[in-house]
Amino acid sequence: MSARSAIAVLAVLAVVGLLTFGLLSKGSSGLALGEAAPASPLPRLEGGGSGSVADYRGRWVLVNFWASWCVPCREEAPALESFQRRHADADFTVLGIDSRDLSGDGRAFVERFGLTYPQLRDGDGDAAGEFGTTGVPENFLVDPRGKVRLLVRGPVSEEYLDRYVAPLLPGGRS
Amino acid sequence: MRARTLLVPLLTALALLAPAGGAMAATPQTSVSEVSSEVMCPVCGTLLELAESPQAKRQKVFIARLVAQGRTKEQIKDALVVEYGTEVLALPQGSGFDLSAYLVPVIAFAIAVIALAIGVLRWRRAGDPPRGEGSPLATAPSDADSERLDADLARYDL
């Protein structure tokens, strides 16, 4: 094989490689049930410092991705807060992640709906990408070992939480 | 008297300039549309100036607030980076890996120009008639060729 042929083959391989990489990286989808939930640290929405899903290892965590500009998020926020008030203890918490949102708007949202569960901030959307979300709101129920047990792409209602999430919690509470 | 003559216009000028300086502090340094043409809507994945999503509208309100405060375009872009990360910038930064976005096209253009120049030179050389002893232009026709040429010309001699 001449030098010119070798260069041409290498060029074609490089183009094919780039296209393959592009397709694979674009097609990387989100979490599947049973997989470990991403635990990258994120800044807290209020009060400074950082937090992570890993901080709640040993407890059930309902990770809720939301944003203040998202209308369905406003509709589900009261249901999440109500569920939190009824179930929050040493074994369970809702963990809000404000994604691709202005921090001031996010804090105003928390205040407006009186949300008492912990809130993290995902301004650049990296955490949402790690979870493979396709939008907001999305909810992931993470078990005490850090594995995803349930995921909901879209808003959850109080009825849904009582029917599908509560039975999984210790004692099958509702 | 002369000092007083100079002092009056000087003080008048200062008095006129003072309010202008104060007003300049509140004068917008940039506009929403100018900033929007250089930043992304993180949710839509398009330039903010083209986006109409609820998130984009909130982002434009945020920019408008900073414009009203007299912030410069760079200050506003910095504030957006704090909120959304560097991916909010539509234009690559001029440092680190992002610098390659500016360098690669320049280098590629330079390589293309050099390759074109080499190609043109080779093409011109290939098109030139060979020179030297073996060249038909460099050798005189033989006697036989001269006779045949004269004969051919004589046939066309009208």
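The values are calculated or read from the model by the stated rules, or taken from the named source; none is laboratory data. Note that the structure is a prediction, hence the values are computed from the model and not measured. Don't worry about glycine lacking a Cβ; one is built from the backbone with ideal geometry, like all the others, and counts go over all protein chains shown. Accessible surface is based on the protein model in full, side chains and every heavy atom, while ligands, DNA and RNA are left aside. Shrake-Rupley method; radii C 1.70, N 1.55, O 1.52, S 1.80 Å.
How far apart, in nm, are the 7 Å Cα→Cβ label points at A:GLU158 and A:ALA108?
That separation, rounded to one decimal, is 2.7 nm.
Given the -39500 (n - 2.57) contribution per DSSP H run of 4+ residues, what per-residue ellipticity at 222 nm results for chain A, rounded to the nearest 500 deg cm²/dmol?
Mean residue ellipticity, 222 nm, calculated: -11000 deg cm²/dmol.
Order the following by accessible area, largest value first: B:ARG122, A:ARG153. Probe radius 1.4 Å; ligands, DNA and RNA are ignored.
Numbers: B:ARG122 155, A:ARG153 110 Å².
Reading off the accessible areas and sorting them downward yields B:ARG122, A:ARG153.
Keeping all protein chains in position, work out how much accessible area A:LYS147 exposes to a 1.4 Å probe, and write it in Å² to the nearest 10.
The accessible area of A:LYS147 comes to roughly 70 Å².
Which FRET efficiency, nearest 0.05, do B:ALA126 and B:SER146 yield, Cβ-Cβ r, R0 41 Å?
On the way: r = 32 Å, r/R0 = 0.78.
With a Förster radius of 41 Å, E is 0.80.
As an exercise, use a Förster radius of 35 Å and the Cβ-Cβ distance of B:GLN29 and A:GLU46 to find the FRET efficiency, rounded to the nearest 0.05. Show your work: numbers first, answer last.
Values: r = 31 Å, r/R0 = 0.88.
The pair B:GLN29/A:GLU46 has a calculated efficiency of 0.70.
Ordering B:TYR102, B:TYR84 from largest to smallest accessible area (1.4 angstrom probe), what's the sequence? The partial results should precede the final answer.
On the way: B:TYR102 105, B:TYR84 5 Å².
Result of the area sort, largest leading: B:TYR102, B:TYR84.
Express in nm, to one decimal, how much length is gained between B:TYR156 and B:ALA112 on full extension, taking 0.36 nm for each residue of separation and deducting their alpha carbon distance. Could you put the intermediate results ahead of the total?
Numbers: separation 44, 0.36 × 44 = 15.84 nm, distance 5.36 nm.
Additional length available on full extension: 10.5 nm.
Anything in chain A that counts as a DSSP H helix reaching 15 Å or more along its axis (C-alpha) with Kyte-Doolittle mean of at least 0.5? List them, would you?
On the way: long enough: A:3-26 (34 Å, 1.85); A:71-87 (25 Å, -1.05); A:103-113 (16 Å, -0.55).
Span-like helices here: A:3-26.
Sequence gap at least 6, Cα distance under 8 Å: using those rules, report the relative contact order of segment A:37-87 to the nearest whole percent. Show your work: numbers first, answer last.
On the way: 24 pairs, mean separation 9.9, N = 51.
About 19 percent, as a whole number.
Please work out how much accessible surface B:LEU47 shows to a 1.4 Å probe, ignoring ligands, DNA and RNA, in Å² rounded to 10.
It works out to around 50 Å².
Leaving ligands, DNA and RNA out of it, rank B:LYS57, B:LYS73 by accessible area with a 1.4 Å probe, largest first. Intermediate results must be reported in sequence, preceding the final value.
Numbers: B:LYS57 110, B:LYS73 45 Å².
From most exposed to least exposed: B:LYS57, B:LYS73.
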